[in-house]
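Below you'll find the structure I mean.
The values are calculated or read from the model by the stated rules, or taken from the named source; none is laboratory data. Quick caveat: nothing in here was measured; it's all calculated off a predicted structure. Cβ coordinates were reconstructed from backbone atoms using ideal geometry, including for glycine residues, and neighbour counts include every protein chain displayed. The accessibility values were calculated without ligands, DNA or RNA, using every heavy atom of the protein model including side chains. Shrake-Rupley method; radii C 1.70, N 1.55, O 1.52, S 1.80 Å.
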Amino acid sequence: MKSMVEKEIIINGYKVRYGEKQSSDASVVYVFLHGWGSEYTIFEPLFKVVDCAVAIDFPGFGGSSPLQEPWTLATYAAIVREFVEKKVGDRKVVFIAHSFGGRVLLQMLSQQSKISWIQQVICIGIPFTRKRTRAQNFIQAILRTAKNILLLLPRSAREKMQEWGYDIIGAQDYADLKNEVMRKTFQHIINADMEYLAQSLHKYNTVFIWGTDDVAAPITDTEVIAHRVGATMHRIEDGDHFPFLGETEDAFKTIFKKSITI
């Protein structure tokens with residue numbers, strides 16, 4: 001089976017790296033959207049089981065251009081929409097979206113009525129809810145209150161304090177970012193109301209494939225959303241936030257292949 005060919009395209013002034021696997025007689029294209037801090041190659045195990053696919057690196061990640069200013073979900077959604085229109089043509093699309101990629105996709109789906117060329121939506125590890133303990137809320141309140149005081153500290157000490165606080169409240173992805181543009185982008189992303197955006201899924205043939213041990217996107221919350229939008233729910237026992245990798249890869253691929261052939 002052919003492997004992905006790496007290419008580049010310019011969209012809205014940004015270089016977008018992507019992988020492409022073409023099949024001249026394919027009526028469906030599988031479009032993969034990666035998670036935060038990742039890149040398109042993470043889906044390598046799944047590329048092997050589809051005959052026609054494209055997968056992008058979002059700007060700010062992988063081999064695509066770095067961001068010049070903070071982006072929102074709407075900015076990313078516009079990139080996905082234009083990319084698909086340019087690369088897919090009049091064929092049907094199955095979206096496979098992981099975590100942050102799912103946030104972007106849901107933003108795109110929520111911006112209009114049902115999109116006729118979408119045949120199926122497969123969601124993996126999308127954090128639909130943000131729940132914090134009282135201790136985490138307390139630490140976050142301290143960080144907000146102490147913002148001006150922190151500015152008086154030496155830069156190295158200030159960064160240490162901020163990283164400690166964000167680690168405590170479970171925002172390690174934020175703490176790991178050294179680029180201020182990406183930090184502001186991350187803030188825009190996580191502040192989006194995903195439960196509201198998830199309502200758009202009821203218009204589509206939607207499948208959830210979830211790791212039972214996913215800490216970033218707990219399966220108990222996901223099952224509620226699945227019921228609400230009429231999605232088919234599949235559980236990957238012992239799977240984490242990346243159930244399509246590692247020891248659960250084979251179990252995931254079995255469910256994935258059955259899902260896309262129905």
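Tell me, which strands (runs of 3 or more DSSP E) wholly within the range 1-115 include 1 or more residues that are charged (D, E, K, R) and farther than 22 Å from Ala216 by Cα? Steps first, answer last, please.
Values: elements: 5-11, 14-21, 28-33, 53-56, 92-98.
Passing ranges, in order: 5-11, 14-21, 92-98.
Report yes if some residue within the range 54-65 is of a type in the set (S, T, N, Q) and modelled with pLDDT of 95 or more; otherwise report no.
Residues of the range 54-65 of a type in the set (S, T, N, Q): 64-65.
From the residues that got through so far, the ones that are modelled with pLDDT of 95 or more too are 64-65.
Checked the range 54-65: at least one residue is of a type in the set (S, T, N, Q) and modelled with pLDDT of 95 or more.
Only one of Thr129, Thr75 is among the polar types (S, T, N, Q), under 16 Å from the mean Cα position of the chain (by Cα) and modelled with pLDDT under 90; which?
Exactly one of Thr129, Thr75 is among the polar types (S, T, N, Q), under 16 Å from the mean Cα position of the chain (by Cα) and modelled with pLDDT under 90, namely Thr129.
Then there is this: When the range 205-262 is examined, which residues are found to be open to solvent by less than 30 Å² (accessible area, probe 1.4 Å), aliphatic (A, V, I, L, M) and part of a loop (DSSP other than H, G, I, E, B)?
Ala217, Ala231, listed by residue number.
Taking the conditions exactly as written (farther than 22 Å from Ser27 by Cβ and without any contact (Cβ under 8 Å) to a residue 12 or more places away in the chain), does Gln112 satisfy them or not?
yes
Within the range 169-182, does at least one residue satisfy the condition of being of a type in the set (Phe, Trp, Tyr) and at pLDDT 95 or above?
Among the residues of the range 169-182, not one is of a type in the set (Phe, Trp, Tyr) and at pLDDT 95 or above, which makes the answer no.
Here is a list of conditions, (1) surrounded by fewer than 22 Cβ atoms within 10 Å (Cβ to Cβ); (2) in contact with an Asp or Glu (Cβ under 9 Å, 6 or more places away or on another chain); (3) of a type in the set (S, T, N, Q), and Ser64 meets all of them except one; can you say which number that is?
(1)
Let me ask you something else. Criterion first (touching a Pro at 6+ places or on another chain (Cβ under 9 Å) and either of a type in the set (Gly, Ala, Ser) or open to solvent by 20 Å² or more (accessible area, probe 1.4 Å) (or both)) does Gly102 satisfy it?
On the way: touching a Pro at 6+ places or on another chain (Cβ under 9 Å): yes; either of a type in the set (Gly, Ala, Ser) or open to solvent by 20 Å² or more (accessible area, probe 1.4 Å) (or both): yes.
Yes; evaluated as a whole, the condition is true for this residue.
Quick check on my filter: what residues within the range 10-40 are open to solvent by 10 Å² or more (accessible area, probe 1.4 Å) and small (Gly, Ala, Ser)?
The answer is Gly13, Ser23, Ser24, Ala26, Ser27, Gly37, Ser38.
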